[in-house]
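One structure is given here, and the rest of the page talks about it.
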Amino acid sequence: MTTSPRLSRATLASTAGTALEWYDFALYGTASALVFAHVFFPSGSELAATLASLGTFAVGFLARPVGGVIIGLLGDRVGRRQMLFVTLLLMAAASTAIGLLPTYGAIGVWAPVLLVMLRVLQGIGAGGEYAGAMLLSAEHAVDAHRGLNASIPSVGNALGSLIATGIFYLTAAALPQEQFLDWGWRIPFLLSAVLAVAAFVIRLRVAESPEFRASEGPQRSGGDQLAEVVRRGGRRIPLAMLMSIAPNVLSYLPSVYALTYLANQVGAPESVGLLGLMIANLLKVVTVPTAGWLSDRFGGRRIMIIGSLAGALLFFPFFLLLDTGTPLLIWIAFVMIFTLCCDMTLASQAMMLSSLFDVDVRYGSVTFSREITGAVVGGGIPFVAAALTGVLDGRPWLVALLCSVLCVVCALGTRALPEVRSGEKATRVASAG
């Protein structure tokens, strides 16, 4: 297999597959903010229905550590490529089933129960998806461009989110609101089956990681393997958990909760927030690789700290811009947090995580450290933000303060990790413990 000077063929192919697969997970976040409160939960308090809808969004994150650890441990035994087919099947099947799910009005309480079950399946698949794609890309790369290649699957996430938001936006714009809430919202979910076929074909063209093929180690049982992950990870695992805080805050606060905030508190049309997300995700095609290149040049730790502290400073201006209700200022707010700050942390996180752990326990170590934080922070932040806004009668300042504090905690945890700039140096750090 030929490797390019900067981007490997495996990186491009696995990223394309990730884009189609992440369509499913991103679609649920948009729908939970704008549709599910009206479709799957009984009418009454708008705040209660919104909290219930965002609660089902959080359930997927609670399932991610379980799926991540299981898929990660298996990925360290049978390979990264094999497990990416498993995650694809789980995500596509769950999303297609959501598109066929009867509403609360049709089957009562079974509607939200089934929705939660399908969201759990999504979460299990998502728990191993990004880590697998990121490691496959990083482990195919030459050392000098490891950070760049590790960061590129985040572009796949952005493109998947862009496709999901775009299709959702076009469907909502093409139909009267009554028809959209009645049946139109199902169209983007049913498209998951078609996109899954394309993703499967793309992933067939990706070879297994050469680093994984070259690694040798005893085959352990699941319990022994998890113990080995914890033992060999040492203090790097809890510190990597702290390092994963800011990417979750900077991603899911604007991409999920901000849509609810704009609709319920600002009174902006749904299209304004959706278009803001589309613009921010489109720009990630440039900003994520740039941040990955910066991580290779200056070190992932430094870029993570800069992105986290920038986010901490800018959350208050973020909400001030949203409160204007002016579309241009709202779009600037999305780009400021969801693109610029978030992408510095996403790219540097990928570079650091792909470098901190030995190859034969790397997949399990990455999912263990990344997905537990994702469950607590990424899944919980939209729900907590909605509750805090309700406490202050619609004012967002407690939310901004919480997000700023979390980003500072991330910067402090990252500061305690060893610096890495290339795969060669990373291997020495990881082996040193």
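The values are calculated or read from the model by the stated rules, or taken from the named source; none is laboratory data. Being a predicted model, the structure only gives us computed values, none of them experimental. Here the Cβ is made from the backbone with ideal geometry for all residues, glycine too, and neighbour counts use every protein chain on show. When the accessible area is computed, the model is the full protein with side chains, heavy atoms only, and any ligands, DNA or RNA have been set aside. Shrake-Rupley method; radii C 1.70, N 1.55, O 1.52, S 1.80 Å.
Scan segment 60-108 for residues that are charged (D, E, K, R) and surrounded by fewer than 23 Cβ atoms within 10 Å (Cβ to Cβ) and jot them down. Break it down stepwise before answering.
Pass one, segment 60-108, residues charged (D, E, K, R): 64, 76-77, 80-81.
Correct list: R77, R81.
Give the residues of segment 395-404 that are open to solvent by 10 Å² or more (accessible area, probe 1.4 Å), over 17 Å from M304 (Cβ atoms) and either under 22 Å from the mean Cα position of the chain (by Cα) or of a type in the set (A, V, I, L, M, F, W, C) (or both), sorted by residue number. First the steps, then the outcome.
Just the residues of segment 395-404 that are open to solvent by 10 Å² or more (accessible area, probe 1.4 Å), to begin with: 395, 397-398, 401-402, 404.
Those still in the list that are over 17 Å from M304 (Cβ atoms) too: 395, 397-398, 401-402.
Residues satisfying the conditions are W397, L398, L401, L402.
Regarding L250, is this residue open to solvent by 10 Å² or more (accessible area, probe 1.4 Å), closer than 19 Å to T345 by Cα and touching a residue at least 24 places away in the same chain (Cβ under 8 Å)?
Details: open to solvent by 10 Å² or more (accessible area, probe 1.4 Å): no; closer than 19 Å to T345 by Cα: yes; touching a residue at least 24 places away in the same chain (Cβ under 8 Å): yes.
Considered against the rule, which asks whether it is open to solvent by 10 Å² or more (accessible area, probe 1.4 Å), closer than 19 Å to T345 by Cα and touching a residue at least 24 places away in the same chain (Cβ under 8 Å), L250 comes out as no.
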A246, sole failed condition from (1) under 17 Å from the mean Cα position of the chain (by Cα); (2) within 18 Å of I152 (Cβ to Cβ); (3) among the small types (G, A, S): (2)
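Conditions (1) surrounded by fewer than 18 Cβ atoms within 10 Å (Cβ to Cβ); (2) assigned to a helix (DSSP H, G or I); (3) modelled with pLDDT under 95, marked per residue:
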| site | (1), (2), (3) |
| --- | --- |
| I372 | no, yes, yes |
| F383 | no, yes, yes |
| T389 | no, yes, yes |
| D393 | yes, no, yes |
| C410 | no, yes, no |
| P418 | yes, no, yes |
| E424 | yes, yes, yes |
| A430 | no, yes, yes |
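When the residues of segment 162-176 are narrowed to those that are part of a helix (DSSP H, G or I) and more than 19 Å from L100 (Cα to Cα), which ends up most open to solvent (accessible area, probe 1.4 Å)?
If we filter segment 162-176 for residues that are part of a helix (DSSP H, G or I), which is where we start, we get 162-174.
Narrowing the set further to residues that are more than 19 Å from L100 (Cα to Cα) leaves 162-163, 165-166, 169-170, 173-174.
Values: L162: 35, I163: 64, T165: 5, G166: 10, Y169: 63, L170: 113, A173: 74, A174: 80 Å².
Among them, the one singled out is L170.
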The lone exception for S404 - which of (1) modelled with pLDDT of 95 or more; (2) more than 24 Å from M352 (Cα to Cα); (3) of a type outside the set (A, V, I, L, M, F, W, C) it fails: (2)
Pair list, Cβ under 6 Å, 6 or more apart: segment 130-154 residue buried (at least 24 other Cβ atoms within 10 Å of the Cβ), other residue among the hydrophobic types (A, V, I, L, M, F, W, C) and not in a helix (DSSP H, G or I): N149/A141
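V359: in contact (Cβ under 8 Å) with a residue 24 or more places away in the chain, of a type in the set (V, I, T) and in contact with an Asp or Glu (Cβ under 8 Å, 6 or more places away or on another chain), yes or no? It would help to see each step written out before you state the result.
On the way: in contact (Cβ under 8 Å) with a residue 24 or more places away in the chain: yes; of a type in the set (V, I, T): yes; in contact with an Asp or Glu (Cβ under 8 Å, 6 or more places away or on another chain): yes.
Yes.
Would it be correct to say that L159 is under 22 Å from P289 (Cβ atoms), under 21 Å from the mean Cα position of the chain (by Cα) and either open to solvent by 70 Å² or more (accessible area, probe 1.4 Å) or modelled with pLDDT of 85 or more (or both)? So that I can check it myself, show each step before the final result.
Values: under 22 Å from P289 (Cβ atoms): yes; under 21 Å from the mean Cα position of the chain (by Cα): yes; either open to solvent by 70 Å² or more (accessible area, probe 1.4 Å) or modelled with pLDDT of 85 or more (or both): yes.
So L159 fits the description; yes.
So if I check each of L320, L314, L277, L294, which one is surrounded by 24 or more Cβ atoms within 10 Å (Cβ to Cβ) and not charged (D, E, K, R)? Give the derivation first.
Working: L320 fails: surrounded by 24 or more Cβ atoms within 10 Å (Cβ to Cβ); L314 fails: surrounded by 24 or more Cβ atoms within 10 Å (Cβ to Cβ); L294 fails: surrounded by 24 or more Cβ atoms within 10 Å (Cβ to Cβ).
Answer to the check: L277.
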Scope segment 253-267; condition open to solvent by 10 Å² or more (accessible area, probe 1.4 Å) and under 19 Å from A347 (Cβ atoms); matching residues: S255
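Can you work out which of the residues in segment 215-237 that are part of a helix (DSSP H, G or I), surrounded by fewer than 16 Cβ atoms within 10 Å (Cβ to Cβ) and of a type outside the set (D, E) is modelled with the highest pLDDT?
This residue is R231.
Would you call V116 surrounded by fewer than 22 Cβ atoms within 10 Å (Cβ to Cβ), more than 29 Å from L181 (Cα to Cα) and of a type in the set (A, V, I, L, M)?
Working: surrounded by fewer than 22 Cβ atoms within 10 Å (Cβ to Cβ): yes; more than 29 Å from L181 (Cα to Cα): no; of a type in the set (A, V, I, L, M): yes.
No; evaluated as a whole, the condition is false for this residue.
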